[in-house]
Amino acid sequence: MGQFLQQLINGLTIGSFYALIALGYTMVYGVLKLINFAHGDLFMLGAYVGLVTLMGLVVNMGMSASLLVLLAIFLIVMVVIALVGIVLERVAYRPLYRAGRLPPVVSALGAAIFIQNAVMLLYGARYRTYPEEFKAIVPEVIWTVGGARISLMQVVMLAIAFVLMAGLYIFVQYTRVGTAMRAVSLDHDIARLMGIDVYRIIALVFIIGPALGAAGGVMVGLFYGRIYFTLGWGYGLKAFTAAILGGIGNIPGAMIGGLLLGVIEALATGFVSDAWKNAIAFVVLILILIWRPTGLLGERVVEKL
Amino acid sequence: MNAMKKIKGQFSRLQGLSERRKNLIIALLALLFPPFTHLLLGMGANRWTQVANFFFIYASLGLSLNIILGYAGLFQLGHAAFYAIGAYTTAVLSTKLGIPILLLLPLSGLVAAIFAILISRPILHLRGDYLCIVTIGFGEIVRIALRNDASSLAFLGKIPGLSGFAEKVSGLVITGGPNGIFGISRPSLFGFTLRQQWHYYYLFLVFVALTVFAMRRLENSRLGRAWACIREDELAAEAMGIDTVQMKLLAFAVGAAWAGVTGGLYASWITVIAPESFSFWESVIMFCIVVLGGTGSIPGVLVGAAGMVVLPELLRQVLLNIQQWRMLLFGAAMVLMMVFRPQGLWPSRRVRLGMEEEESLAAS
Amino acid sequence: MALLEVSDLTKNFGGLTAVSHLDFHIDEGDILGMIGPNGAGKTTVFNLITGIYPPNSGEIRFNGGSLLGLKPHSITERGIARTFQTIRVFPNLTVMENVMAGRHCRTRAGLMGAIVRPQSQQQEEVSILQEVERHLRFMHLWPYRDELAKNLPYGDQRRLEIARALATDPRLLILDEPAAGLNEQEGRQLMDLIGQIRTSGITIFLIEHDMKVVMGVSDRIVVLDNGEKIAAGTPAEVQTNPRVIEAYLGREE
């Protein structure tokens, strides 16, 4: 029981990272029906920009590590990566909206390779560590609950993820712009007829998605303390899996899919075999898709004749 | 014969003129490549013959993926799985049982095809992007399985009744884990064993030529037409009497078989294989070869393979001092290529026909 | 003898009943028209017969055998071909290739045939082209055989769909609003062609929204409203049926 609880908590923590990244995939897919394969690398870039910002603020400018600094770092990283997201959309995707399904995928893969190698050139091929100073922001406190150990860091991570996801959900469901976003994801032409500036909504999606992914990047850096330039490949694939699991294009689906995938992985590690955990995650995904071909919350597509 | 002429006449707009002469020139150039580079570069020619061999391997992989992605329009992004299965079939059976490579090649194709049929049957009803992640998933599962080897399955012993299985499996070495398999034997015929790069060059050349020949015929056949219909409108194809499930399975099986044979060739050429030679990245390269070259176009896939294999090598030679910029430029080139030529470098005649007509419509 | 026999056919979508306890039959060589207001369930009946949806209950028999549980392609193979209400030609294939698709289920060449091209496969290809030419000439599409289907005008695309369906050698041809979107002259020409198809021995079942078109060409008519059959008979009988006038004509005018 204790081990189960422990793996559940570990799984939810990793799952919250997946969920934050998955939101970027699912939002872009929702409005463009495009898989942004470069999204994982925006997440990775977020982790590096987080590191640089931290070094700048705490190490170079001598600010004491505090919750306020943490907030500032998140804000700066999210803004920077959102800008990169906008540039990416402009350069690599917008010219291809009418080119069919496959060319944007290759363009996205090219952009992913570009970002990865740019980071490698700038920061080196070896892994980088988040400095010790950072640990002071979230003190190392560990509680034991029912035989499972929960660290304050895990609680903080889950809290940040929860706040960001709740914020996004409220934004999409209850604001005018959020409603416009949902309209665009249903039908571009009709949304345009309703007076919605579709390109602005697309740009907005490329701001919010990468910003959330970047927040996930900082969180992974904080949590594991070490980052490397190929980080985006693995996490990106996992998050994309999570988005599909929940039903791609569906925002709550991405959140649930991410958490679920994290838990499946953790349970597989704890109870089956660490070496097979990724394979098990994919097997579960495939079984779920055989059972529900459009994911857990994905809409059933009824073809009109 | 008159009838065949008539058939050709019907497709006149989908087939080029004086193909024969062009093909002859290409064949001649291809045959003369090794001696010519040797004359020009001396010992340095070996490097370029090796690059040419890589080109052949990827051209053949691209052509095999083109059946699934280009002809049938199925979003396959895990093609490395079939390549890996072929390579490992050849590697395992050649090192463990000493079966000659030339016998193993068709067997590798068969094993890959059977595997493809088994895994794709339950997922064929998935739509585009869902199919994409599932194929990625299969690619990863295969790579992980090869990496973990049979002994890692010992955890199954925890299941009641399987404890005997765990014991049997725990010492078993089949795939060699992360280190892979080395010492794979080389193909030999009538006592002559292929050793040099240029030996393999001619073997691969013949194989790719055969592949191109078969693909062209396949494309213009009853099966090729059925795949085209499925790609265009699956429901209408089904309503016109095309068994879409069977045809999609066939596309997967044929594509997988060809990738499997290519895997066997690769294993017998390199003689050392490891799971990382068949990662997601390999699937990405194959995917890009097809789309960058021109989805559904045989010459396009060849050009795409040249772009993805030969171009980085040329960049390596040119950018001596800024080696590390190579992949950065490569990524940027992929984006630019798609932005400026979304139809690919050498689009299929069908795509070109569509574009010409659109242009003339726009002009009038 | 009835070629197609539908009995007690019911289909629900969620809580909505699209087709309810429907009975009707088509005699060999006849033209049966099905009319009804929008949303009466006409297209659903087509989709049930052609196997695109499974019915909730009821029976569909064609040429003596049940069609239930068969996939659309094997229903086509048994001799039922259809067109779609919203045109579904293969847009990026040529006119010729579109019609060749219809020959798929009547030909056999497989992988070896495609690659080795033995004599039998070559003969098969020739027979395909001969059939395709016949259907294209009949539908007045021969001059456009090398055009991409998407570039044809609307009316030609409708005829192309019929040519493609005819290429499957059907005994029963199902046409879903074939005259929709055509002008009056095109509509008349099409009805003329439909008459000729019947003369060649093919039974026809058509849905039409436009009463005038159906009345002129059909031998018998079934009227559907809210998924239920409210009348059936000759055009003259149906036209004077008070329930039809109330449900259909009265509502529309």
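None of the figures in this text is laboratory data; all of them are computed from the coordinates on show. Because the structure is predicted, anything quoted here is derived from the model rather than measured. Heads up, the Cβs are rebuilt from the backbone with ideal geometry, glycines too, and the neighbour counts pull from every protein chain shown.
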If amide H atoms are built 1.01 Å from N in the plane of the peptide, which residues on other chains or at least 5 residues away come under 5 Å of the amide H of C:G36? C:L224
Angle check, please: helix C:184-199 long axis (alpha carbons) against the longest principal axis of chain C (alpha carbons), in degrees 0 to 90, nearest 10. 80
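What's the Kirkwood radius of chain A in Å, using all Cα pairs?
About 19.9 Å for chain A.
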When you have a sec, figure out the Kirkwood radius of segment B:46-278 from all distinct Cα pair distances and drop it here in Å to one decimal? 18.8
Looking at segment C:106-253, what % of the alpha carbon pairs are farther apart than 28 Å? 35
Roughly how many whole Å is it from the C-alpha centroid of segment B:72-94 to that of segment B:287-338? 22
Between A:V91 and C:A236, what is the FRET efficiency for a Förster distance of 56 Å, r being their Cβ-Cβ separation, to the nearest 0.05? 0.25
Rg to Rh ratio, segment B:35-179, alpha-carbon atoms and Kirkwood radius? 1.08
Counting only residues 5 or more places away or on other chains, whose amide H sits under 5 Å from the amide H of C:K229 once H atoms are built in the peptide plane? C:D23
Applying the Karplus parametrisation 6.51 cos²θ - 1.76 cosθ + 1.60 with θ = phi - 60° to the phi angles of segment B:170-175, what ³J(HN,Hα) value in whole Hz is obtained for each residue in order, glycine and proline being reported as x? 5, x, 7, 10, 10, 8
State, to one decimal in nm, how far the label point of B:L319 lies from the label point of C:K150, with both points 7 Å from Cα in the Cβ direction. 3.6
Tell me which of B:L162, B:I270, B:L315 sits at the most positive position along the dipole axis of chain B, charges placed on C-beta atoms (Lys, Arg +1; Asp, Glu -1). B:I270
Share, in percent, of DSSP beta bridges within the protein assembly as shown that are antiparallel, nearest 5: 65
If you count, for each residue, the other Cβ atoms within 10 Å and average over each peptide, how do A:280-289, B:282-291 line up from highest to lowest? B:282-291, A:280-289
From Cα coordinates alone, what are the radius of gyration and Dmax values for segment A:170-305 in angstrom? 17.6, 54
Only Lys, Arg (+1) and Asp, Glu (-1) charged, at Cβ; chain A dipole about Cα centre in debye: 460
Mean separation of Cα contacts under 8 Å (6+ apart) over length of segment C:94-165, as relative contact order %: 53
Taking the Cα centre of segment A:86-208 as origin and charging only Cβ (+1 Lys, Arg; -1 Asp, Glu), how large is the dipole, in debye to the nearest 20? 280
How high is the relative contact order of segment A:14-260? Use alpha-carbon pairs under 8 Å, at least six apart in sequence, and give a whole percent. 47
In deg cm²/dmol, rounded to the nearest 500, the helical mean residue ellipticity at 222 nm of chain A, built from -39500 (n - 2.57) for every DSSP H run of length 4 or more, is -23500 deg cm²/dmol
No solvent, one uniform scatterer per C-alpha: report log10 I(q)/I(0) for segment C:38-152 via the Debye equation at q = 0.10 1/Å, two decimals. -0.42
How many nm separate the modelled label positions at C:H21 and A:L71, each set 7 Å beyond the Cα in the direction of the Cβ? 6.9
Dipole magnitude of the protein assembly as shown, debye to nearest 20 (Cβ charges: Lys/Arg +1, Asp/Glu -1, about Cα centre): 2580
Quote the convex hull volume per residue of segment A:67-167, based on C-alpha atoms, as a whole number of Å³. 191
Viscosity 0.890 mPa s, temperature 25 °C, Stokes-Einstein D of chain C from Kirkwood C-alpha radius, µm²/s: 129
Are there any GluC sites (Glu not before Pro) in segment C:19-123 that are in a DSSP loop and have at most 16 other Cβ atoms within 10 Å? List them by number. C:E28
For a quick protection proxy, order the peptides B:235-247, B:46-58, A:166-178 by their average other-Cβ count within 10 Å, most packed first. B:235-247, B:46-58, A:166-178
Of the cross-linked pairs A:K238/B:K96; B:K96/B:K168; A:K33/A:K277; A:K33/A:K238, which ones have a Cα-Cα span greater than 26 Å in the structure shown? A:K238/B:K96; A:K33/A:K277
Can you order the peptides A:235-243, B:142-150, A:18-26, C:181-189 by their average number of other Cβ atoms within 10 Å per residue, highest first? A:18-26, A:235-243, B:142-150, C:181-189
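What is the average number of partner chain Cβ atoms found within 10 Å of a Cβ in A:116-126?
2
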For the protein assembly as shown, take N as its residue count and report Rg(C-alpha) divided by 2.2 N^0.38 Å. 1.04
Percent RCO, i.e. relative contact order, over chain B, from Cα pairs under 8 Å lying at least 6 residues apart: 29
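Given that compact globular proteins tend to follow 2.2 N^0.38 Å, what is the ratio of the alpha-carbon Rg of segment B:154-215 to that value?
Ratio of Rg to 2.2 N^0.38 Å for segment B:154-215: 1.97.
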Taking only Cα atoms of segment C:94-165, the Rg to Rh ratio with Kirkwood Rh works out at 1.03
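Per residue of B:206-215, how many C-beta atoms from partner chains lie within 10 Å of its own C-beta, taken as a mean?
Other-chain Cβ atoms within 10 Å of each residue's Cβ, averaged: 1.
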Any chance you could give the angle, 0 to 90 degrees and rounded to 10, that helix C:119-138 forms with the longest Cα principal axis of chain C? 50
Just checking the output field for C:124-136: average partner chain Cβ neighbours within 10 Å of each residue's Cβ? 2
Any chance you could run the full-extension gain for A:L121 through A:V163? It's 0.36 nm times the residue separation minus the Cα-Cα distance, nm to one decimal. 11.7 nm
